[in-house]
Amino acid sequence: MNNSDWIRSMRIKQGLKGFQLAERLQVSAARISVLEKDETRGAVTLKMMERAAKAMGCRFEYRIVADLTASDEGDLAETKTRLVSQKPRYRVVAK
């Protein structure tokens, strides 16, 4: 799974067709196709990610994660350990 196709991956994992997710979001099936393409391009809004997650019975998480090059404070080894264990920048999580 690519880090930029969470909506499509979760939809497929749940056995939902695009039109079924569209019904839950009260949008057209074509809009779901655009939504999934927007996500892969990095053009989807956080609000729409949250709506899509909720429509699939999931929750949406968004995080800002420290970059090793930007972290000039603290122990580098500790920072590396913490960053390796963190999750992707955002994701759709099944409840």
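Odds and ends about this structure:
- Working from label points 7 Å from Cα in the Cα-to-Cβ sense, the Lys54 to Ile12 distance is 2.7 nm.
- By average C-beta atoms within 10 angstrom, highest first, the peptides 22-29, 34-41: 34-41, 22-29
- Label point distance in nm, Ile64-Leu46, each placed 7 Å from Cα along Cα→Cβ: 0.9 nm
Read the figures in this text as sums done on the coordinates, not as results from a lab. Predicted, not measured: the structure shown is a model, and the values here were computed from it. A quick note on method: Cβ atoms are made from the backbone with ideal geometry, for glycine too, and the neighbour counts reach across all protein chains shown.
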